[in-house]
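Chemist: Dumping the structure here so I can ask a few things about it.
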Amino acid sequence: MSAILLRRAREAGGEAAVVELLRRAGSTRTAAYLEDVGNWISHDEAVALFDAAATMTGDPRIGRRIGEEAVRQHAGTPVATLLRNLGAPEEVFRQITLTVSKFSTVTEMEAVVAERGRAVVRSRASDGFIRHPHLCDWAQGLLGQPTVLFGLPPAIVEEVECQARGAEQCLYHVTWDPELADRASDPEERIVLVEAQLGSALRQLEGVYATARDLVSSQDLDTVLATVTSRAATAVRAPRYLLAVRPDPGGDLHCHRAGMDSAEADALADRLLEDPIESLPQSWLVVDVASERRAYGRLAAMYPDGQRFLPQERDLLSTYAQLAAGVLDGATALRESRRRQEESRSLLALARALAVAGTSDEVAERLSAAIPHVVDCDRVAVFLVDGEADELSCRAVWGHPAEVGERVRRLRLTPSDTPSLYELMRSEDPRALYFEPDTDDSFVRGVMAALGNASVLVIPIVARGEFLGILNVATVERPERLRPTTDLLELLQGVAAQAATAIENGRLVDRMAHQARHDSLTGLANRTLFTERAEHLLAAADRGQVPLALVFADLDRFKAVNDGLGHAAGDELLRQVADRLADTARAGDTLARLGGDEFAILLPRAARSDAEALAARVKDAFAAPFVIDGRTLDVAVSVGVALYPDDASSLPALVSTADQAMYRAKRAAATPA
């Protein structure tokens, strides 16, 4: 609220207006503090700022204007993501008791009615506070905005009772266009909104990675822990935060806080650490700062009594607690290994490399390149669990001759290959394995002989009980360098523990990158990936002066399926259509769902005859009926073909030409003979 007030003042009269606003309000805060949306101010400060702004602008209803901007100000932040994830405007109102706490802790709200196109919200001042007209107006403006999160116009809000003006409560009637909301929920209409939500999630993930990079770049433990606390306070909205940890068992307590003074933090720290989480106030969101190594303490976000957090916020806060635990693990490991300063510097370099890695493949590459600086070895290979498959695939190698390295990269390991790997993947507590050429494991013996390895040390990579992969370190001479001493095992297990967190994050990036470029319903390429591939192929076509073909397909009367059988049946039909189209496409073709019932196939280095042959196969694929929920459906498809550069000179023109050809085919099919 304060950030919006100051921004309006600055836009109206520059810095002088900001200074005058603060003077009239009697505020002792700095402008920078008030403009930081992560900071909170008191009820009396808010009223004073509203009074000053109303006087300066001559607008007694300034509160409503500020409320209308409050949700928009949080666009792209975790707050907007959390609210949008509730699914629909009426669900935001249904959860208003929780969602209002993202904006105010002196106001209580509950939904009397929350249904399609309409909500009735009751509001009162929290105990100990007096409802002020400015805050009533502010709430009225705020309540009009949840619909905006879902791509709709602001809702119409009418205050029919007002506590500040003598009633026992404030009562707001909120209405919006349910038909427009239904249209906005249609998959074709939600593409932009979903992309915005994914962008917000990516920014949220980037915030976590930015925190990780800050943590690794600082060597001062207290600075690092303060960074965790401040970043958490931005990601999960609450007026107070407390991080209380003991880096050393039985050692000094380290407290980092936001929204409270040091005396209050010290008073709350013992309670936070000693009491069971279930006995702590329900208005506290508390997560353990713990790793596989040990438990260090707890991180808590705190509301006043009676207010609650959204369920999704626990996972987000846990992420920052895990970052803190990872930092504390690193600090402990550094203290334990001071006698090995060179190794410690290498570990720190590895942590930095892993922190900036994105995908799981990037993590594996950085890990394989960093290991030789930590361990005296000749070769490294990183194998990771391959998706849902019960096998390991090689993701990175280091130190192998080119031909040998390619052989290793092609390796795929399954538990049936070797009993050693079977036990490693199935064990609840997998341990490192050491092999020499005379090992009893025939599979390992054969691989070592083929690659020329003299010794191999296999370190499992595990996170919270989940087996993620193995770190394979080898020598080609002097095998004693990898004999599994306690120090060497501890060192490599520490590396594997760092890698595990990075790999988990990398897998999340993998999933998000896949989701950003693939259709969630059919698994095909989406419009984004289609455009990227098409632009790449157009450039290649220009360089090689070879044609590029596009086959455009659109289902006939698909709307009748949705209307008659429901969207679930329509979705199942689209999935089956995608499977049939995938069977028609050639190896190397790009099959995409562009939206709704529109599909496109890019054919690189294809003549018109190739495209027309594929178009015929597409039509033939629809000859057999589809079976949906026991019903047999005869579904037809209209197909259009266009060639680059014969029919079009750009990607938009190519798509448009194929689209027009498809519609001509559709009209021709619909015209009686």
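Chemist: Looking at Thr319 and the list (1) open to solvent by 30 Å² or more (accessible area, probe 1.4 Å); (2) part of a helix (DSSP H, G or I); (3) modelled with pLDDT under 75, which single condition is not satisfied?
Modeler: It fails just one condition, (3).
Chemist: When both residues are 6+ apart or on different chains and their Cβ atoms are under 7 Å apart, which pairs have a first residue that lies in the stretch 270-285 and is polar (S, T, N, Q), and a second that is not in a helix (DSSP H, G or I)?
Modeler: Partner pairs satisfying both residue conditions: Gln282/Arg308; Ser283/Met302; Ser283/Tyr303; Ser283/Pro304; Ser283/Asp305; Ser283/Gly306; Ser283/Gln307; Ser283/Arg308.
Chemist: Condition first: under 15 Å from His518 (Cβ atoms) and surrounded by fewer than 16 Cβ atoms within 10 Å (Cβ to Cβ). Now tell me which residues in the stretch 580-594 satisfy that.
Modeler: Ala582
Chemist: What about Val148, is it within 19 Å of Gln95 (Cβ to Cβ), open to solvent by 20 Å² or more (accessible area, probe 1.4 Å) and either at pLDDT 90 or above or not in a strand (DSSP E or B) (or both)?
Modeler: Judged against the criteria, Val148 is a match.
Chemist: Looking at Arg61, Arg29, which one is among the charged types (D, E, K, R), under 29 Å from Tyr172 (Cα atoms) and surrounded by fewer than 19 Cβ atoms within 10 Å (Cβ to Cβ)?
Modeler: Details: Arg29 fails: under 29 Å from Tyr172 (Cα atoms).
Step by step, each of Arg61, Arg29 is checked, and only Arg61 is among the charged types (D, E, K, R), under 29 Å from Tyr172 (Cα atoms) and surrounded by fewer than 19 Cβ atoms within 10 Å (Cβ to Cβ).
Chemist: What number of residues within the stretch 83-139 satisfy the criterion of being assigned to a helix (DSSP H, G or I), polar (S, T, N, Q) and either open to solvent by 20 Å² or more (accessible area, probe 1.4 Å) or at positive phi (or both)?
Modeler: Count: 1.
Chemist: Residues in the stretch 607-623: is at least one of a type in the set (Gly, Ala, Ser), over 17 Å from Val641 (Cα atoms) and surrounded by fewer than 22 Cβ atoms within 10 Å (Cβ to Cβ)?
Modeler: Within the stretch 607-623 (the criterion being of a type in the set (Gly, Ala, Ser), over 17 Å from Val641 (Cα atoms) and surrounded by fewer than 22 Cβ atoms within 10 Å (Cβ to Cβ)), the answer is yes, since at least one residue qualifies.
Chemist: When you look at Val174, is it open to solvent by less than 10 Å² (accessible area, probe 1.4 Å), modelled with pLDDT of 85 or more and part of a strand (DSSP E or B), yes or no?
Modeler: Spelling it out, Val174 is indeed open to solvent by less than 10 Å² (accessible area, probe 1.4 Å), modelled with pLDDT of 85 or more and part of a strand (DSSP E or B).
Chemist: Still on this model: What number of residues in the stretch 454-478 are in contact (Cβ under 8 Å) with a residue 12 or more places away in the chain, more than 17 Å from Ser368 (Cα to Cα) and out of contact with any Asp or Glu (no Cβ under 8 Å at 6 or more places or on another chain)?
Modeler: Summing the residues that are in contact (Cβ under 8 Å) with a residue 12 or more places away in the chain, more than 17 Å from Ser368 (Cα to Cα) and out of contact with any Asp or Glu (no Cβ under 8 Å at 6 or more places or on another chain) in the stretch 454-478 gives 2.
Chemist: Residues that are over 30 Å from Gly564 (Cα atoms) and under 39 Å from the mean Cα position of the chain (by Cα): which strands (runs of 3 or more DSSP E) entirely in the stretch 596-670 hold 1 or more of them?
Modeler: By residue number, 598-604, 637-644.
Chemist: Can you find a residue that is closer than 23 Å to Ala541 by Cα and modelled with pLDDT under 90 anywhere in the stretch 607-630?
Modeler: Taking every residue of the stretch 607-630 in turn, at least one turns out to be closer than 23 Å to Ala541 by Cα and modelled with pLDDT under 90.
Chemist: Could you list, in sequence order, all residues of the stretch 372-388 that are out of contact with any strand residue (DSSP E or B) (no Cβ under 7 Å at 6 or more places or on another chain) and within 21 Å of Glu362 (Cβ to Cβ)?
Modeler: His373, Val374, Gly387
Chemist: Can you find even one residue in the stretch 483-498 that is buried (at least 20 other Cβ atoms within 10 Å of the Cβ), small (Gly, Ala, Ser), touching a Leu at 6+ places or on another chain (Cβ under 9 Å) and over 30 Å from Leu433 (Cα atoms)?
Modeler: Taking every residue of the stretch 483-498 in turn, none turns out to be buried (at least 20 other Cβ atoms within 10 Å of the Cβ), small (Gly, Ala, Ser), touching a Leu at 6+ places or on another chain (Cβ under 9 Å) and over 30 Å from Leu433 (Cα atoms).
Chemist: Which members of the stretch 597-627 meet the condition of being out of contact with any Lys or Arg (no Cβ under 9 Å at 6 or more places or on another chain) and either under 19 Å from Lys559 (Cα atoms) or basic (Lys, Arg) (or both)?
Modeler: Glu598, Arg605, Arg608, Arg617, Lys619, Pro625, Val627
Chemist: Run down Val228, Val286, Val224 and say which single residue is outside any helix (DSSP H, G or I), β-branched (Val, Ile, Thr), within 25 Å of the chain's Cα centre (by Cα) and surrounded by 15 or more Cβ atoms within 10 Å (Cβ to Cβ).
Modeler: Val286
Chemist: Can you tell me which condition Leu573 does not meet? The list is (1) within 16 Å of Thr522 (Cβ to Cβ); (2) open to solvent by 60 Å² or more (accessible area, probe 1.4 Å), and all the others hold.
Modeler: For Leu573, the exception is condition (2).
Chemist: Looking at the structure I just gave you, is Ala463 open to solvent by 50 Å² or more (accessible area, probe 1.4 Å), within 19 Å of Ala364 (Cα to Cα) and in contact with a Ser or Thr (Cβ under 9 Å, 6 or more places away or on another chain)? Before you say what the answer is, go through the steps one by one.
Modeler: On the way: open to solvent by 50 Å² or more (accessible area, probe 1.4 Å): no; within 19 Å of Ala364 (Cα to Cα): yes; in contact with a Ser or Thr (Cβ under 9 Å, 6 or more places away or on another chain): yes.
No; evaluated as a whole, the condition is false for this residue.
Chemist: Hey, does the stretch 644-654 have a residue that's open to solvent by 80 Å² or more (accessible area, probe 1.4 Å) and in contact with a Phe, Trp or Tyr (Cβ under 8 Å, 6 or more places away or on another chain)?
Modeler: The answer is no, given that none of the residues of the stretch 644-654 is open to solvent by 80 Å² or more (accessible area, probe 1.4 Å) and in contact with a Phe, Trp or Tyr (Cβ under 8 Å, 6 or more places away or on another chain).
Chemist: Counting only residues that are modelled with pLDDT of 85 or more, at negative phi and within 30 Å of the chain's Cα centre (by Cα), give me the strands (runs of 3 or more DSSP E) lying completely in the stretch 386-492 with at least 3 of them.
Modeler: Per the criteria, 392-398, 455-463, 466-475.
Chemist: Being among the basic types (Lys, Arg) and farther than 15 Å from Pro547 by Cβ narrows it down to one of Arg586, Arg605, Arg575, so name that one.
Modeler: Answer to the selection: Arg575.
The values are calculated or read from the model by the stated rules, or taken from the named source; none is laboratory data. In this text, all values refer to a predicted model and were calculated from it rather than measured experimentally. FYI the Cβ positions are ideal-geometry reconstructions off the backbone, even for glycines, and counts take in every protein chain you see. Only protein heavy atoms, including side chains, enter the accessible area calculation; ligands, DNA and RNA are left aside. Shrake-Rupley method; radii C 1.70, N 1.55, O 1.52, S 1.80 Å.
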